Each structure stands twice: as structure tokens, then as C-alpha cells.
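Step one of this worksheet: look at the structure below.
The values are calculated or read from the model by the stated rules, or taken from the named source; none is laboratory data. All values reported here derive from a predicted model rather than from experimental measurement. When we count neighbours, we look across all protein chains shown, and the Cβ atoms used for this are built from the backbone with ideal geometry, even at glycine. Areas reflect the complete protein model, heavy atoms only, side chains present, ligands, DNA and RNA absent. Shrake-Rupley method; radii C 1.70, N 1.55, O 1.52, S 1.80 Å.
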Amino acid sequence: MSKIIVVTSGKGGVGKTTTSASIATGLALRGHKTVVIDFDVGLRNLDLIMNCERRVVYDFVNVINGEAALSQALIKDKHSDKLFILPASQTRDKDALTQEGVEKVLNELSKTFDYIVCDSPAGIEHGALMALYFADEAVVVTNPEVSSVRDSDRILGIIHSKSKRAAMGLEPIKEHLLLTRYSPERVKRGEMLSVQDVEEILSIPLLGVIPESQSVLTASNQGVPVIHDEISDAGQAYLDAVARLLGESKEHRFLDLPKKGFFKRMFGGTA
Amino acid sequence: MAPATSELVRPPCLKFKGNLVAITTLELLYYDPTGLSEALEEKIAQAPALFTNHPIILSLEKYDDAEVPLPDLRMIQSVVRNAGMILVGIRADAPEQISEAQKAGLPVFPPAKNGRSPETTEANAEDMGRSTETSSAPKQEEAPATRSAAPAELPTPQNLVITQPVRSGQQIYARGGDLIVLAPVSAGAELLADGNIHVYAPLRGRALAGVRGLESARIFCQSLEAELVSIAGQYKISEDLTGPHWKRPTQITLNGEKLSLTDI
């Protein structure tokens, strides 16, 4: 039985697609057969981040409409043979995602995959609802600023009331908080909410904190998920988050200002 | 000149306001000319003070016209009037019912939302008993005696207990009772209760107690960080709340027309 993980946020531009790509890659690197689905129909991005945009022939909507077989639409990742991408359609809109269609595709995928990562579009409308409806777990991506936190809170309410698990009265979706673009320096200057502030407002378990890093943008533009960049702190933070998602306990890193000195260089890994 | 200036500063003589009024609904399931007036009289005998000159709405949402087609509503109107009540409108959605209402010159209200039908007259009589407690207190004594046939049951308070966080955009209403929340209430969430509101966690959203006018309703919270608090329509926004009680365990009560905050 596969596990369906939705990566969602409510707000746009906080790092959902970056996170989906890195978490899916991380799960595959750990030996789990994983597929990542782009639910952002009409604003297809995941294929760019995963550097497979030239190989898209059929997409998610084609499969839903029965115009292509699932095997024709799935794209194998260049780096890992355990990772597949199901791209969104760029020429359609979110209404093409029917609940029955999405369910059919997810059921078929769950026969062969261990993990299904759903990259949600921004917003709280149909596309986002379809991405989270069938989920078992949710990674709520949040930036340390008030509007992002407010929107995450809203999407958590929707996860709680409108998902399949809520509708059927099953065990609720397991929620994880992933704080991205975190800058300890700006927190110290009082310009940014701290991890504690966000945890207190959202009151869900913390999966990880991804520090603000140049390497994220570089990785996006090169089409290599940042988790492959094991030297960067962002890449390491994603590796930690994936380990926690798999049930390992790891201490949170990159929460404080790096102290300049020999010791920090040895243990903090801020190369 | 003087009158002209006073004309200018005089406030307008009317205002339109949206208002929610609790009103008794008489639900008609089928029509039986003699049965209707007898049944009405029987009900009224239970609590005469409550029903005299009482405005009611006739609900036809559950009317079964397979047995008896809907009669002229003017007939029902006169039966209701003879019983001492005033029919102020009907609630219906079937076109033929609406046209009957128009014939009788009665306003039409939309059906109850979410398919939730008005409760039975019994429940309504009890509801009214609660809301008009002060005005009809002496007469109330008689009601249980005449209703001796019914088992003497304590009315179940309709309190609502919430254990999960109340998130931004969610709205929770404890109809007819207290609302007790054991988890944080986020900014952008809204709590409503006919009775009191208790929040055993930070209250960051809005809390409106006594929404149907209960002035003795109170709000209790473990940490006052609310966007708005209101009791029976009197409210304070967060700007007025940021003071010595902010982020502290607080009780909010209504004294006359003012909300007062005290430490717990």
C-alpha cells in the first residue's frame, strides 16, 4: 500500500514545487519507489525543476481523460531509477481534474509505487482541493512571515474538513510543518518570525527548517533538485526532512546564526 | 439661516439595518380544517402567555399535497388569527405554494438552509420559554403542570466541545448552548455561541458569545489575543484589547452596554 503525501501551502511562491521535487528525490534516494505528480494544471513547473520538460509527451490530464496510458505519461528521472514524474498539462485548466479521474490515477499508481507525492497548486480552490483530497500525509510549506502563516493555517483547516479522510471519518491526515527560506540573521533582527512563533501559531509538528540559500535558486534554474546538492545547507536540511518523514529522529539544524569559528565549521556544515 | 443649518446637521430620520430575529415557525405537514385549529388550541393551552399576539411563520417545506392539496392560505391565516397569533409570512420553495402566498398577500421567506427543517413546535415552545424568560416568568409555572403527560426531563444543554485547532476561515456555532474549545483558535477563525465561549488555549480569532441576545453570556480564554470579542452584539476589536489583559487569561462580561475584562 502506497502512501500519498501532498505538498501544499495556500500561498504561492513559498517553495511547494522545490519541496515536492526534493522530497520525492530524497525518498527515491532512500530506495523507495516514488512518483511525483504536478497538480498545477495550466502552470506547469515541476518538469522544469526536475529538468524533464523536453521529455513531456503525455500528461496527467491525458491520463485522466483516457487519452494516454499511465506508462506513457510517466517520465523516469535522470538521476534515480526509482523516481518518476507525472507532469501537469500546460494547455488545460484545473477543472480538468475530476475527483473520479484523480482517484483512478492514484489507485493505479499505488499498485506500483511506495510513495506518491502530490505537488499542489497555490490557493484553496479546486486544484488544491484535488491535490490534498486523497492524501495520507501533508507537508505544509510555510515562509516565516505572517501572510504565509495565515494561509497555511487556512489550508490546514481545509485539510481537516474537506479531505477524503475527513469526509469518511477516518484517521485525520498527518500534518507536517516545513519552514522554508528561513534566515536566523533576520529572525535575530526581528524582521522575520522565528520557528517558535510559527510552531505556536500553527501547532503542528515541525518536519524541517530549510535555510534561505543561494543554492535553491541555482538548483531550480539548473533543473537539479536542491537535495542533490549535499554540500549546501538547504540540501542537507531537505535530507534531514526526508529522514524525519521516514520516521527517523534528527535534531533540527540551521536554526541559529552560524558562529564564525573553527568548531562551527566542523559541526555546522555551513560550507 | 438657523433652521437651514440645523436641517443640515440633523441626522436622517431612518436607517436600514440587517437584523436576525428569532421567530417561531409553524410547520404544516398536511391540512385538516378541524384538526388544525384543535391542535393549535391544544398547544396554546400549554403556555398561553407565550402565544398571545405571537408572530409566526408558516413552513410548507414538508407539506404533503398528495393527500390534501394546499388550501387557500387565507383560511389558515384566519385559523391562526382565531388562535390569537399573527401569521407574518410563509416559508416555502415550491412555485405553487409561493403563488398561493402571493394570492393571500403573505411575504415568502426562503426555506431553511442545509435542509435543516425547523424543529417541532414543542422544541420551539421551549426555546421561546428560554428567550422570553423575564416577561413570561409567572405564567411559565403553569406550563409543566399542564404538560404532565410528557415525562419530566431536564432539557439537554446543547453545548459543543471542540478538541481540534480552529483554523483561519473556519466558523463554529454552538446553537442553543456554550462553545468549549480545547485547542488554539487562529486569527481569521470565528466562534459563535448562543451561550458562553470557553477557550482553553490562545484565542486569536473572533469570539461572539450570546449571539441571540443573551446579555449574561461570557467569554473565557487562556490567552487573550483576539481580533474581536462580542457579547450580545456589544464588541471590542483587538486595538481596544491590547492592554494589561493582552496574552493573559481573561474573562469578558457585559455590564450594561460595556464589555469589561477581568483576570482569571
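Looking at the protein assembly as shown, send over the antiparallel percent of its DSSP beta bridges, to the nearest 5.
Numbers: 15 of 79 bridges.
Taking every DSSP beta bridge with both residues in the protein assembly as shown, the antiparallel ones total about 20 percent.
List, in order, the whole-Hz ³J(HN,Hα) value for each residue of the range B:214-222 obtained from phi through the Karplus relation with A = 6.51, B = -1.76, C = 1.60 and θ = phi - 60°; use x for Gly and Pro.
Working through the residues one at a time gives 6, 6, 8, 5, 9, 10, 10, 8, 7 Hz.
With a 10 Å cut-off between alpha carbons and a GNM built on chain A, which of A:Ser220, A:Ser20, A:Ser71 moves the most?
Largest GNM mean-square fluctuation: A:Ser71.
Taking the Cα atoms of the protein assembly as shown, what is the range of coordinates along each of the three principal axes, in descending order and whole Å?
Sorted largest first, the three principal extents are 90, 67, 61 Å.
Tell me, what is the per residue accessible area of chain A in Å², probe radius 1.4 Å? Intermediate results must be reported in sequence, preceding the final value.
Working: 12360 Å² over 271 residues.
Per-residue accessible area for chain A comes out at 46 Å².
How big, on average over all directions, is the shadow cast by the Cα convex hull of the range A:204-249, in nm²?
Numbers: hull surface 14.0 nm².
Mean projected area for the range A:204-249: 3.5 nm², to one decimal.
Quick one: if you stick a label point 7 Å off each Cα along the C-beta vector at B:Trp246 and B:Gln102, how many nm between them?
Reported label-point gap for B:Trp246 and B:Gln102 is 5.7 nm.
At 222 nm, what value in deg cm²/dmol follows for the protein assembly as shown if DSSP H runs of at least 4 each add -39500 (n - 2.57) and the sum is divided by all its residues, to the nearest 500?
Numbers: 22 runs with 178 residues, N = 535.
Dividing the helical sum by the residues of the protein assembly as shown leaves -9000 deg cm²/dmol.
Could you work out which residue, out of A:Met168, A:Met192, A:Met130, moves most in a Gaussian network model of chain A, that is, has the largest mean-square fluctuation with Cα springs under 10 Å?
A:Met168
The range B:59-80 to the range A:184-215: how many Å between their Cα centroids?
Computed from Cα coordinates, the inter-centre distance equals 64 Å.
Place a point 7 Å from the Cα of A:Arg186 along the Cα-to-Cβ direction; which residues of the range A:228-255 have their backbone N under 11 Å from it?
No residue qualifies, since no backbone N sits under 11 Å from the label point.
When you count, for each residue, the other Cβ atoms within 10 Å and take the mean per peptide, how do A:110-116, B:241-247 rank with the highest first? Working shown, then result.
On the way: A:110-116: 18.4, B:241-247: 13.4.
Highest-to-lowest ranking by the protection proxy: A:110-116, B:241-247.
How big is the convex hull of the Cα atoms of the range A:112-243, per residue, in Å³? Don't jump to the answer; show the numbers that get you there.
Working: hull volume 17.5 nm³, N = 132.
Spelled out: Cα convex hull of the range A:112-243, divided by residues, is 133 Å³.
Chains B and A: how much accessible area gets covered up at their contact, both sides added, probe 1.4 Å, in Å² to the nearest hundred? If you can, show how the numbers build up before the last one.
Values: alone 16230 and 12810 Å², together 28100 Å².
By this definition, chains B and A bury close to 900 Å².
Hey, could you grab the Kirkwood Rh for the range A:131-172? Inverse mean 1/r over distinct alpha carbon pairs, Å, one decimal. Mind showing how you got there, number by number?
Values: mean 1/r = 0.0922 Å⁻¹.
It works out to 10.8 Å.
On average, how many beta carbons from a partner chain sit within 10 Å of the beta carbon of a residue in A:11-22? Display every interim value, and only then the final one.
On the way: counts 0, 0, 0, 0, 0, 0, 0, 0, 0, 0, 0, 0.
The shielding value for this peptide is 0.
When the scattering of the range A:171-230 is computed by the Debye formula from its Cα atoms alone, each counted once and equally, what is log10 I(q)/I(0) at q = 0.15, 0.24 Å⁻¹?
-0.58, -0.98
Sorted by accessible area with a 1.4 angstrom probe, largest first, how do A:Asp119, A:Asp93 fall? Walk me through the numbers before you get to the answer.
Working: A:Asp119 0, A:Asp93 90 Å².
Reading off the accessible areas and sorting them downward yields A:Asp93, A:Asp119.
Provide the packing ranking of A:150-157, B:79-86, B:225-232, i.e. peptides ordered by the mean count of other C-beta atoms within 10 Å per residue, highest first. Spell out each step's value before the answer.
Numbers: A:150-157: 25.2, B:79-86: 15.1, B:225-232: 21.8.
The packing order, highest mean first, is A:150-157, B:225-232, B:79-86.
Karplus couplings for the range A:18-33 from phi (6.51 cos²θ - 1.76 cosθ + 1.60, θ = phi - 60°), rounded to Hz, Gly and Pro as x?
4, 5, 4, 4, 6, 5, 4, 4, x, 5, 5, 4, 7, x, 9, 6
Compare each residue of the range B:184-230 in its chain alone against the assembly with all protein chains, and report those whose accessible area goes down by 50 Å² or more; 1.4 Å probe, heavy atoms.
B:Arg204
Work out the FRET efficiency for B:Asn19 and A:His252 from their Cβ-Cβ distance, taking R0 = 51 Å, and round it to the nearest 0.05. Can you show the working numbers first?
Numbers: r = 52 Å, r/R0 = 1.03.
Plugging the Cβ-Cβ distance into 1/(1 + (r/R0)^6) gives 0.45.
Can you tell me how much longer the chain between B:Asp64 and B:Leu182 gets when fully stretched, taken as 0.36 nm per residue apart minus their C-alpha distance, in nm with one decimal? Working shown, then result.
Numbers: separation 118, 0.36 × 118 = 42.48 nm, distance 4.44 nm.
Computed gain between B:Asp64 and B:Leu182 is 38.0 nm.
Taking the Cα centre of the protein assembly as shown as the origin, how large is its charge dipole in debye, to the nearest 20, when only Lys and Arg (+1) and Asp and Glu (-1) carry charge on their Cβ atoms?
It comes to approximately 1860 debye.
Just checking the output field for A:189-202: average partner chain Cβ neighbours within 10 Å of each residue's Cβ? Let's see the in-between values first.
Numbers: counts 0, 0, 0, 0, 0, 0, 0, 0, 0, 0, 0, 2, 8, 4.
Counting Cβ atoms of other protein chains within 10 Å of each residue's Cβ and averaging gives 1.
Label-point separation (nm) for B:Glu239 and A:Thr91, each offset 7 Å from Cα along Cα-to-Cβ?
Using points 7 Å along Cα→Cβ, the separation is 5.4 nm.
In whole percent, how big is the carbon plus sulfur part of the accessible area of the range A:1-159, probe 1.4 Å, protein atoms only? Numbers along the way, then the final one.
Numbers: 2700 of 5810 Å².
Carbon and sulfur: 46 percent of the exposed surface of the range A:1-159.
Please compute, for peptide A:147-160, the average count of beta-carbon atoms on other protein chains lying within 10 Å of each residue's beta-carbon. The partial results should precede the final answer.
On the way: counts 0, 0, 3, 6, 3, 3, 13, 7, 3, 7, 10, 4, 1, 5.
The mean count of partner-chain Cβ atoms within 10 Å per residue comes to 5.
Only counting protein heavy atoms at a 1.4 Å probe, give the residues of the range B:167-181, ordered by number, whose accessible area falls by 20 Å² or more when the other protein chains are present relative to the chain alone.
Residues meeting the cut-off: B:Arg167, B:Ser168, B:Gly169, B:Gln170.
What is the set of long-range amide H partners of B:Ala201 at a cut-off below 5 Å, with H atoms built 1.01 Å from backbone N?
Here the answer is B:Gln222, B:Ser223, since their amide H atoms fall under 5 Å of that of B:Ala201.
Return the sequence-ordered ³J(HN,Hα) values of the range A:40-45 in whole Hz as given by the Karplus equation 6.51 cos²θ - 1.76 cosθ + 1.60 applied to θ = phi - 60°, using x for Gly and Pro.
Using θ = phi - 60°, the values come out as 7, 5, x, 10, 4, 10 Hz.
Kindly provide the Kirkwood hydrodynamic radius of the range A:1-88 in Å, to one decimal, from all pairs of distinct alpha carbon atoms.
Values: mean 1/r = 0.0751 Å⁻¹.
Mean inverse Cα-Cα distance, inverted, gives 13.3 Å.
Principal axis extents for chain A, Cα atoms only, whole Å, descending order, please.
Reported extents, whole Å, longest axis first: 59, 38, 32.
Taking every pair of distinct Cα atoms and averaging 1/r, then inverting, what Kirkwood hydrodynamic radius in Å comes out for the range A:90-133? Working shown, then result.
Values: mean 1/r = 0.0885 Å⁻¹.
Evaluated over the range A:90-133, this radius sits at 11.3 Å.
Calculate, axis by axis, the spread of Cα positions in the range B:186-264 along the three principal axes, and write the results as whole Å, longest axis first.
27, 23, 21
Could you look at the range B:25-104 and say what percent of its accessible area is carbon and sulfur, using a 1.4 Å probe and all protein chains? Show your work: numbers first, answer last.
On the way: 2180 of 4150 Å².
Within the range B:25-104, the accessible surface is 53 percent carbon and sulfur.
Based on the Cβ-Cβ distance of A:Glu100 and B:Ile86, what FRET efficiency does E = 1/(1 + (r/R0)^6) give at R0 = 56 Å, to the nearest 0.05?
Working: r = 52 Å, r/R0 = 0.93.
That gives a FRET efficiency of 0.60.
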